[in-house]
Structure formats: structure tokens, C-alpha cells
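Heads up: the structure comes next, in C-alpha cells.
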Amino acid sequence: MARALAYTLAISGLVFCVSLATSSRRRQPGTLSLPPIYGAWYLPSPIRGVIALAKLCMDEDSFLLALRRDYGQVVHIPWPLNQVLVLDGRLIRKVYRAPSSALSFAPIQHGIQTLAFGTPRRITQSAGLARMYDAHAKGLTNLRLDAPIERFTHVVQAKVAQLEEQIESSPAQAVEIPIVKWVVDTVFEAATSGLYGEEFCERALEAGLRGEFGRFDRCFPLLAAEMMPVALYAFVPRVADGMKGREAMLSVLARWVEDGLPGLDEGVIRDMAHIGSAEGYTSKEVATILSGNFWALHANASYIASALLLYTVQSEILDQVREEIDGLPQQSGDTANPVVTLKALASMPVVTSCVQETVRTNTSSFSMRVAEEDFVLSESASGEGGVLIHAGMRVVCATRVAHLTDGLWGDYPESWIGDRFAAKQQGDALSAKMARKMHGFGGGISTCEGRHLAMAELKSILTVVLAALDITPLRHVADPRIAVKSSDASNLWKGLQPSRDFTRPGLGAFQFGASDVMARVTKREVS
């Protein structure tokens, strides 16, 4: 009895201490405090950080939502992440508005350029690279995307035509395909042709860069996290294999640069390569910088495109989407081949809304900054009652939390509602507000500069495919490496979608590993 009483008192005392420690994490109104630290108070900080990293990679949404519930708007994740996570939409926008002198993106950008893409440090700190970055920003504005989107659309139309030939030669006048794989492969070829030109695209396909890119991309999360010294790359099998993929990409890019970028007469890639060459960078060094563009081009848009297509064909607004597509000018009266231009794509509000909603529901962007000076994160203009972030800390905007908890998205923020962003549905003011608070492309000084290109590509492939084909999802094809969560919650999507790969938290679009959906594809019947 005495021993049982002693155990009870010990456990009660432990619970009291934990409760006291937890309550001390909460900042009091009107005071300036440090961010609460994740994890149990009795665990060393490294252990807390490792636990956080493990939970983040097992189920990102559950982990982030638990942080928001248990710690409030801001929480410090200790080593190995050593980051301050911002979990509230209003504070995320405050971070985005902060000047680079206070919260800088440059150290993050330079670190990834070196560790992930292999650019020498002397170049990442040079004025020449800054000029290449400026050319990148200017070259991806809507004013310079007509030619890339024309090339992109041409490839998608050719892929659809090949699929139509298979359908016509089939006795059932239909084919079954793994739809995600088909979309990802199509976008890879179309986007490469669009930004790098048709000749480089041919070289990439001949060299098997689709597979080499996949090898590199699988190790990218480890590299981008900046937790692994370069000297250890060769000793981690996944990274060592990824480095072989990177070297294959760099080899093809470097030879193309050395040959004078044949097949590409204009555009952002040519501008950047010319600046690098003028700075005296070798072809291999220029290729390391262009490989960053190549990764950004393919790591996200193709997976958003496959999700977008599956959402749309299973939605109640499919007829509205097709009505907009059918309203475009037709090529020689052929309703299956609309004329796709940037101006035409901008004229489809429901299609645009579907894309925006897919980006909102299928992305998790960790927009990072480094605090160059002590910074107060507060909802008030005076900084009263704010959180003090010390100089040198990393500040991470967990945009996924804002997309799941902001009251702007209504009762079921996890649900895909295709016309959520449409002015006709919400009104001009509310739809504009939603567009401003959708942070799938990041924000502030680290806003994705390729967002205009990505939006146009997504609208283009949806338009071309749905103009010509009817797609009926049939069954889920699961990747055995990925755990499939099941839920009966009424706010979850009821259609067929591939299973999300949780090993890429905060890197943009949700990827699916080898998970896929088999779909029946027929030529569209137009009444």
C-alpha cells in the first residue's frame, strides 16, 4: 500500500510539473516573450527536435495542427531543425511584409544553391549570381511567357493526340491508364520544351533525364534541410544515388550550354546563361544554376496538374469548366482543339479558381527567413504582447496551417471546392481576399517567381485534356511504401486521389510516390 501511494504521489507530482511547465509556455497578454519550445520540459532539446522531425515526416498535417493547438501561433523546434515555426495566417503575412534587412531569404537561397545544386560558394556570394537571379525574376513575368506556354501547349496537344490514336485503335474505344503517371510524364516533356526549348527537351529525353531527375528529387529534402555536411553525401545511400542523378542532369545541361543553347533563341534561361558566361563561369557552373530552375520546373507543377485533373473530373462543376473551355476560339472549327494563349487562359474564372483551390489544398510551403536582427512578431503595430525572435534564428512560415485553420475557408477547409475562388460564387471582394491569403506559392521576398508560368501551365493542360477527352477514375493504385489514412469525416474529399507522400514536408506540392489512380479514357462526346 505504501509503495502504491508513493507511486501515485510521484506520478501526481510529475503531472503537476508538466502542467506547470506547459502553462508557463503561454505568453501573457501585453508581455514580450520568447517562442515556446516544442516538447516535454524534461527532455533535452536535441531529443525534442528529433521527435518533432520524426512526427513531421510521418504525418505533416496532424503534427502542424497539434502545434497550433498546443503552442499557439508560434513555436520553436530545437535541433536538428532549430527553427521558429509561424502557425497563424496573420503573423505569416507579417513575416512576408518584413524587410530583408530584418528577415532575410538570401542565406537560405544561397545555402540550397550550394548544397543541393552544387554551385560553388564563391559564385553564390557573387554579384554575377545576383544578376542571374534578377534576370530570372524579370524573365518569368506574364509579359515574357507567350512563347513558353505556346511550346508547352503544343507538347500537351501532341500527347493527347497520341492517346486519341490509342483509343481509336482499341476495340472498346477506350484505354485504361495510370493517370498520375501520364500527367507527370506529359508535364515533364511539355514544361522542359516550354522553358528550355524543343532541342534541349529532345536531349533530356534521349538521356533519360526524367528518371535521373527522380533520383535527385528523392534526396532533395535531405539536402534542402541543410542538416547534412557535403562530406557525408557519399555515405548515405539515398543521397549518393541522388548525386548520380544530379550529375547526369548537370552533364546534359553543361553540354547544351557549351554548344550555345541551340534551339532556344530567347527567354529567361538564355538570359541567365549569357550572364553566367559573361561572368566567366564555366559551362558546368552555369549548369548548376540552371539545374535549380530545372528542379523548380518539375518538382511541383506536374503533381498539382494530376490532382487538379482528378478533382475536376469528379466534381459537380465539371460542366462549368467545360463551358469555359468550349467558349475559347477553336482551331479550324475543331472543338477538341481550342486556341490556348495567355490571354485566353486568363479569361476563364472557374478554371482559374479550380487551379487556385488545388494549389491551396495540395501544397505545404515552408517559406524560410533568417533573422538578421532581433525581431518582434506581433499582431499589434506597436509590438506589444509579441514574440521575440533572436538574431540568427530561422523563421519558417507554415502556410499549410493557415490553409487549414483560417476562418476564411469556411467549415470544411480541407475540402476541395473548385469554385471557391470564383468571384461569381463569392463576390469580387471576398474572392480577391481569398487569392491574397492563398500562400501555396509562398510570399514576400521568397514568393515563387515561377508562379505565373505554373498557373498558365496548369490551366493549359486542364483545358487541352478536357476539351478532347472524357476521364473516369476507376480504382486506386497504392504505393506499398506509403501509409493510406482512412477517415469517415464528412469534410474529406470523397473521390479517388492518390496517397500523399509525407516525406517531403514544406517543399511545395504534395507528391504521391508510386501511388496512382487508374482511369478509363475515351474521346469526348460533344452533344
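The values are calculated or read from the model by the stated rules, or taken from the named source; none is laboratory data. Given the structure is predicted, the values throughout are model-derived calculations rather than measurements. When we count neighbours, we look across all protein chains shown, and the Cβ atoms used for this are built from the backbone with ideal geometry, even at glycine.
Things worth noting here:
- Residue match in the range 385-396 (condition: of a type in the set (D, E, K, R), in contact (Cβ under 8 Å) with a residue 60 or more places away in the chain, closer than 29 Å to Gln511 by Cα and assigned to a helix (DSSP H, G or I)): no
- Those helices (runs of 4 or more DSSP H) lying entirely in the range 1-71 with at least 3 residues more than 30 Å from Thr361 (Cβ to Cβ), of a type in the set (Gly, Ala, Ser) and at pLDDT below 95: 2-25
- Options Val340, Val359, Val376: the member that is buried (at least 21 other Cβ atoms within 10 Å of the Cβ), outside any loop (DSSP other than H, G, I, E, B) and on the phi < 0 side of the Ramachandran plot: Val359
- Contact annotation: residue pairs with Cβ atoms under 6 Å, 6 or more positions apart or on different chains, pairing a residue in the range 402-424 that is farther than 13 Å from Ile317 by Cα with a partner that is among the β-branched types (Val, Ile, Thr) and in a helix (DSSP H, G or I), are Ala402/Ile92.
- Sole residue being within 30 Å of Arg520 (Cα to Cα), of a type in the set (A, V, I, L, M), assigned to a helix (DSSP H, G or I) and over 17 Å from the mean Cα position of the chain (by Cα), chosen from Ile461, Ile417: Ile461
- The range 433-458 - residue that is within 24 Å of Asp319 (Cα to Cα) and either among the acidic types (Asp, Glu) or modelled with pLDDT under 95 (or both) and, of those, nearest to the chain's Cα centre (by Cα): Glu457
- For Ser364: the one exception among (1) among the polar types (S, T, N, Q); (2) assigned to a loop (DSSP other than H, G, I, E, B); (3) in contact with a Pro (Cβ under 7 Å, 6 or more places away or on another chain): (2)
- Residue among Leu250, Leu222, Leu261 that alone is modelled with pLDDT under 95 and out of contact with any Gly (no Cβ under 6 Å at 6 or more places or on another chain): Leu222
- Of all residues in the range 215-256, those satisfying the criterion of being farther than 20 Å from Ala514 by Cα and under 18 Å from the mean Cα position of the chain (by Cα) are Leu223, Ala224, Ala225.
- Scanning the range 427-443 for residues that are assigned to a loop (DSSP other than H, G, I, E, B) and over 19 Å from Met368 (Cα atoms) yields a total of 1.
- Subset of the range 256-270 (residues that are touching a Ser or Thr at 6+ places or on another chain (Cβ under 9 Å) and surrounded by 15 or more Cβ atoms within 10 Å (Cβ to Cβ)): Trp256, Val257
- Some residue of the range 382-401 being crowded, with 21+ Cβ neighbours inside 10 Å, small (Gly, Ala, Ser), within 24 Å of the chain's Cα centre (by Cα) and over 24 Å from Trp295 (Cβ atoms): no
- Any chance Val230 is of a type in the set (Val, Ile, Thr) and surrounded by fewer than 20 Cβ atoms within 10 Å (Cβ to Cβ): yes
- Residues (under 15 Å from Arg131 (Cβ atoms) and not aliphatic (A, V, I, L, M)) located in the range 238-291: Arg270, Asp271, His274, Gly276, Ser277, Glu279, Gly280, Tyr281, Glu285
- Test for Val521: is it modelled with pLDDT of 90 or more, in contact with a His (Cβ under 7 Å, 6 or more places away or on another chain), closer than 22 Å to Val160 by Cβ and buried (at least 17 other Cβ atoms within 10 Å of the Cβ): no
- Test: residue in the range 32-49 that is closer than 23 Å to Leu388 by Cβ, aromatic (Phe, Trp, Tyr) and surrounded by fewer than 14 Cβ atoms within 10 Å (Cβ to Cβ): yes
- Among (1) surrounded by 15 or more Cβ atoms within 10 Å (Cβ to Cβ); (2) within 19 Å of Ala305 (Cα to Cα); (3) at pLDDT below 90, the one test that Asp516 misses: (3)
- Residue identified as within 24 Å of Leu205 (Cα to Cα) and of a type outside the set (S, T, N, Q) among Pro148, Pro171: Pro148
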